[in-house]
1. Just to check your reading of the model, which residue among Leu84, Leu150, Leu105, Leu93 is within 23 Å of Val20 (Cβ to Cβ), touching a Leu at 6+ places or on another chain (Cβ under 9 Å) and surrounded by fewer than 19 Cβ atoms within 10 Å (Cβ to Cβ)?
2. For the range 157-179, name all the residues that are touching a helix residue (DSSP H, G or I) at 6+ places or on another chain (Cβ under 7 Å), surrounded by fewer than 18 Cβ atoms within 10 Å (Cβ to Cβ) and closer than 27 Å to Leu66 by Cα.
3. How many of the residues in the range 29-57 are outside any helix (DSSP H, G or I) and touching a Lys or Arg at 6+ places or on another chain (Cβ under 7 Å)?
4. If Leu72 satisfies all but one of (1) in a loop (DSSP other than H, G, I, E, B); (2) in contact with a Ser or Thr (Cβ under 6 Å, 6 or more places away or on another chain), what's the number of the condition it fails?
5. Pick from the range 159-180 the residues that are touching a residue at least 60 places away in the same chain (Cβ under 8 Å) and within 18 Å of the chain's Cα centre (by Cα): which of them is nearest to Glu15 (Cα to Cα)?
6. Got a number for residues in the range 1-22 being in a loop (DSSP other than H, G, I, E, B) and more than 23 Å from Val97 (Cβ to Cβ)?
7. Within the range 9-25, can you find the residues that are touching a strand residue (DSSP E or B) at 6+ places or on another chain (Cβ under 8 Å) and free of Cβ contacts under 8 Å to residues at least 60 places away in the same chain?
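Where a number appears in this text, it was derived from the coordinates with a stated rule and is not lab data. Every value quoted in this text rests on a predicted model; they were computed, and no experiment measured them. Here the Cβ is made from the backbone with ideal geometry for all residues, glycine too, and neighbour counts use every protein chain on show.
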Amino acid sequence: MSRAFTLIACGIFQEEAEHVLKERPEAELRWLEVGLHDNLELLESALEEAVKTHRPDPAAKPAGLLFGWGCLPWMRDFARERNLPVMPVKNCLAALVGDQELKELEKNNRLVASPGWIRKMWLGRSGTATGWKADDFRLQFGRYDQIVVLDPGLVPLTEEEIITCFDLVQVPLEVRPCDLSHFRRLLLDLAGQIQGR
């Protein structure tokens, strides 16, 4: 069996990461709350706490960060100072399809999301103390003509979720199938980097 390791991860990746790593019992996934990137101090504090909790002694399993480097402007420095590999992409959507494909998808006033974004960031936090109100959604999304939802088919959005999301953002959604091969390569490469430490 391969060397055990821990991924300190944003919950936005949960379904995809658990799917890819289901045959890797040596992987421990420690989920952080989605949306922490809305408050950079809170995100850095949560990451620091997760690292400290994980590494109470030098014999702890090696770890890495399942975050995009753009989620925290100094993420790469944070990771390097703590000897933690981090994904080589800016954000979770680039992790799904790659930087170039994401740029193509974002053309013509399109916003790209995933089912995790819809459920956990928009619907899951709507109306909560840390979430947006209806006016916030309209201010943020008013410039977009379409939202493209990249769906790997693990837990597809329901018709009700799509309608509820549209009611919030007032922008049409188009659900597109998404192959997980790019994400799988990135995640398994990250796992290899961690296990090699």
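1. Answer to the check: Leu105.
2. Glu161
3. 2
4. The number of the failed condition is (2).
5. Leu180
6. 4
7. Ala9, Glu18
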